[in-house]
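The values are calculated or read from the model by the stated rules, or taken from the named source; none is laboratory data. From a predicted model like this one, the values you see are computed outputs, not experimental measurements. For neighbour counting, all protein chains shown are included, and Cβ atoms are generated from backbone atoms with ideal geometry for every residue, glycine included. Note: accessible area is taken over every heavy atom of the protein model, side chains too, but ligands, DNA and RNA are not part of it. Shrake-Rupley method; radii C 1.70, N 1.55, O 1.52, S 1.80 Å.
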Amino acid sequence: MKGKGVTAVFLSLLVIVLTLSACSFNTDTPASPHGQEKIRVYTTIYPLYDFALKIAGGRAEVVNVTPAGVEAHDFEPSPRTVADIYEADVFIYLGGPMDPWAEKIAKQLAEKGVVAVAAAEGLLGDEDHENEGDRDRDRDHDHDRGPDPHVWLDPVISKTLAERIAQALIAADGENADHYRQNFEVLKARLDDLDKKFREAFSGVKKRDFVVNHDAFGYLARRYNLNQIAIRGLSPQQEPSPRKLAELARICREKDIKYIFFETAAGSKLAETLAREVGAGTLVLNPIESMTEDEMKAGEDYFSAMEKNLENLKKALAE
Ligand SMILES: [Zn+2]
């Protein structure tokens, strides 16, 4: 009788110990979607991060792989960061030439149970991307061809990116599905509002040509029937040839260009050179590929950057 009592006490103690260790295991694993733990979401570039953050609304921990202030085009994460992504619940990448390393690990991630989503799948334009400033494109610029990745600069396409992010969060964390859906609807309404502002601003303008630092605004230009002329190619690292700069100067004079756009991240030197050459001013047009830490601290996001883009484009295209 006495022995049985001891066994019962031992068994119940064992149950308590196992329960406790199970609990502490959960807290040691922030990636776990169970209970009150937040799911962990990794994104490759800033616009995906910002949309994921807004849809998560505090119920998920969102980490952007490209550090603040770092040029997004040629960024590749460290092996340590890649290992962290394998421990995540959700991985959102664009797909295509912006984050080619992501495509390579996506299948393995899915096998490990990570919800891996290419947000821009099927949305990137044709392979023969070209713009007016590139008519005399040198042969050594051929590597620049390929699908244009900059879809997030079109608010209408951004609605699809946001919807896919919402679906990914719901797939990983169904308990919070309503929360994610509601936040997505708010985000979608804001993107609709942004689209309306751009449409209204440019439906009646006569001037439609704008000159930018790198070929990032093709989707935006097509959406609002504008014409982008790019100094550099699809990546901001490519330097234009003197021949191309001379051709750009000719186009700027011919089209009566009043402002040359530059990106804060890439510097204004080239834009200033061209502006001086043709007697134009310079303004910022942000491709929103990454944010600096100062911009983040100042509360800048996709929408504040797009509103500034809108104001500066209006200024440049005014008569
Ligand atoms: Zn770019």
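Quick notes on this structure:
- Amide H contacts for Val284 (H built 1.01 Å from N in the peptide plane; partners 5 or more residues away or on another chain; cut-off under 5 Å): Phe262.
- Cross-link pairs exceeding 31 Å between alpha carbons, from the set Lys197/Lys258; Lys104/Lys269; Lys104/Lys196; Lys38/Lys107; Lys269/Lys314: Lys104/Lys269; Lys104/Lys196.
- Sorting Asp74, Asp301 by solvent-accessible area of protein heavy atoms yields Asp74, Asp301, largest first, with a 1.4 Å probe.
- Rounded to the nearest 10 square angstrom, Arg59 shows an accessible area of 100 square angstrom against a 1.4 Å probe.
- Taking amide H as placed 1.01 Å from N in the peptide plane, the amide H of Val115 sits under 5 Å from that of Val90, Phe91, each at least 5 places away or on another chain.
- Taking 0.36 nm per residue of separation and subtracting the current Cα-Cα distance, fully stretching the chain between Val284 and Glu87 would add 67.1 nm.
- Couplings 3J(HN,Hα) for segment 50-59, derived from phi with the Karplus relation 6.51 cos²θ - 1.76 cosθ + 1.60 (θ = phi - 60°), are 5, 5, 4, 4, 5, 6, 5, x, x, 8 Hz, where x marks Gly and Pro.
- With all protein chains modelled, accessible area of Tyr259 [1.4 Å, Å²]: 60 Å²
- Label zone of Arg253 (point 7 Å out along Cα→Cβ, amide N under 13 Å): in segment 177-217 this covers no residue at all.
- Residues of segment 256-287 with an amide N closer than 17 Å to a point placed 7 Å from the Cα of Ala246 along the Cα-to-Cβ direction: 274, 277-278.
- As a ratio to 2.2 N^0.38 Å, the alpha-carbon radius of gyration for segment 233-319 is 1.18.
- Whole-angstrom gap from segment 152-171 to segment 221-279, using each part's C-alpha centre: 30 Å
- Sequence-distant residues sharing a close amide H with Arg232 (under 5 Å, placed H): His214, Asp215
- DSSP beta bridge pairing in segment 204-317, given as percent antiparallel to the nearest 5: 10 percent
- Solution diffusion estimate, µm²/s, Stokes-Einstein, segment 178-308, Kirkwood Rh from C-alpha pairs, 25 °C, viscosity 0.890 mPa s: 151 µm²/s
- Treating each Cα of segment 39-193 as an identical point scatterer and summing with the Debye formula, the log10 of I(q)/I(0) at q = 0.14, 0.17, 0.18 Å⁻¹ comes to -0.70, -0.98, -1.08.
- Estimated from the Cβ-Cβ distance and a Förster radius of 41 angstrom, the FRET efficiency linking Met296 and Glu239 is about 0.90.
- Which of Ala68, Ile170, Leu48, positive extreme of dipole for segment 39-193 (C-beta unit charges): Ile170
- Residues in segment 39-193 average 44 Å² of solvent-accessible surface per residue, probe 1.4 Å, ligands and nucleic acids excluded.
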